[in-house]
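Structure first, then comments.
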Amino acid sequence: MDINIYKTSDELAEKLSDHIINKYLNKNIALSGGSTPLKLFKALSRKLDAIENEIKFYWVDERCVPPESDDSNYKMAKSFLFNSKKIKKENIYRIKGENEPSNEVVSYSNTLRNNLELVNNIPAFDLIILGLGDDGHTASIFPHELNKFKNETDCVVATHPTSGQKRISLSEKIINNSKEIIFHVTGSGKKHVVDNIINKRGEYIKYPASHIKPDSGGKISWYLDFQAAENLTK
Ligand code: 6PG
């Protein structure tokens with residue numbers, strides 16, 4: 001496990017976008033939502049403007065809302081990443097949050113199985129970028145639905161614990177089947193959960209993020225800013 005710590009979230013976004021460009025220009029990548037990816041998307045978009053590429057973009061999760069909604073993870077990527085002239089529309093495989101969730105989990109699973117290499121009969125991404133909630137959730141799997149993460153299906157319908165919002169999320173087995181998994185985490189609000197997960201402290205076992213362990217020889221890396229890594233460096 002690699003732990004990369006940067007002074008600021010801006011410096012982190014620069015380094016992580018360089019890593020993606022160095023290793024994944026013609027590969028399959030799954031993106032997360034939330035606020036943390038914004039700086040990464042902007043840095044990547046700026047750099048990709050000058051680089052021919054065949055990056056195929058997928059999602060780790062999506063909110064069950066239309067693509068025009070401000071809550072849509074697709075909309076955020078469209079606004080800040082896909083404004084890059086060199087990203088091809090045909091290489092964007094979004095989760096259709098507007099569809100009936102139990103139908104979309106099947107349809108997105110088919111999209112993954114028709115386009116990704118299968119390793120142990122499980123779709124295998126080249127890179128998955130995960131966020132982390134201060135409650136230990138990742139993708140759209142929250143602690144109250146940890147059992148769902150273990151589902152045998154490729155994708156699951158999940159529920160936000162307070163808003164009740166429906167979500168579509170990749171399951172644990174697909175995430176752990178990825179060749180590289182990166183936790184992209186910034187801000188002091190995450191320092192406790194980061195420390196608990198990396199150092200297996202406190203209630204870490206109840207956190208879905210603690211169940212991310214690449215199998216099939218995959219690699220896991222943490223990209224943290226000083227604030228998120230504060231308890232690690234004490
Ligand atoms: C989502 C995400 C989710 C996110 C965390 C962290 O759709 O909300 O994929 O897993 O990564 O909630 O969110 P922040 O980056 O906003 O802290």
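Values in this text are rule-based calculations from the coordinates and carry no lab data. Fair warning: this is a prediction, and the values are worked out from it, not measured in the lab. Here the Cβ is made from the backbone with ideal geometry for all residues, glycine too, and neighbour counts use every protein chain on show.
Only residues of region 77-97 count here: report those whose backbone N is under 11 Å from the spot 7 Å along Cα→Cβ of D49, or say none.
Only 83-86 pass the distance filter.
So if R0 is 30 Å, what FRET efficiency would S35 and V106 give, r being the distance between their Cβ atoms, rounded to the nearest 0.05? Could you put the intermediate results ahead of the total?
Values: r = 30 Å, r/R0 = 0.99.
After rounding, the FRET efficiency stands at 0.50.
According to the square roots a ≥ b ≥ c of the eigenvalues of the Cα gyration tensor, what is the shape class of region 177-234, taking rounded for a/c under 1.5, prolate for a/b larger than b/c otherwise, and oblate for the remainder?
Numbers: a/c = 2.45, a/b = 1.47, b/c = 1.66.
In terms of gyration-tensor shape, oblate.
Evaluate E = 1/(1 + (r/R0)^6) for D2 and N121, where r is the Cβ-Cβ distance and R0 equals 22 Å; express this FRET efficiency to the nearest 0.05.
Plugging the Cβ-Cβ distance into 1/(1 + (r/R0)^6) gives 0.20.
Given points 7 Å out from each Cα along the Cα-Cβ axis, report the K23 to R113 separation in nanometres with one decimal.
2.9
T233 versus I205, label points 7 Å from Cα toward the beta carbon: distance in nm?
Using points 7 Å along Cα→Cβ, the separation is 3.2 nm.
Taking all pairs of different Cα atoms in the chain, averaging 1/r and flipping that mean, what Kirkwood radius in angstroms comes out?
17.7
Between K89 and H160, what is the FRET efficiency for a Förster distance of 35 Å, r being their Cβ-Cβ separation, to the nearest 0.05?
Values: r = 30 Å, r/R0 = 0.84.
Result of the calculation: an efficiency of 0.75.
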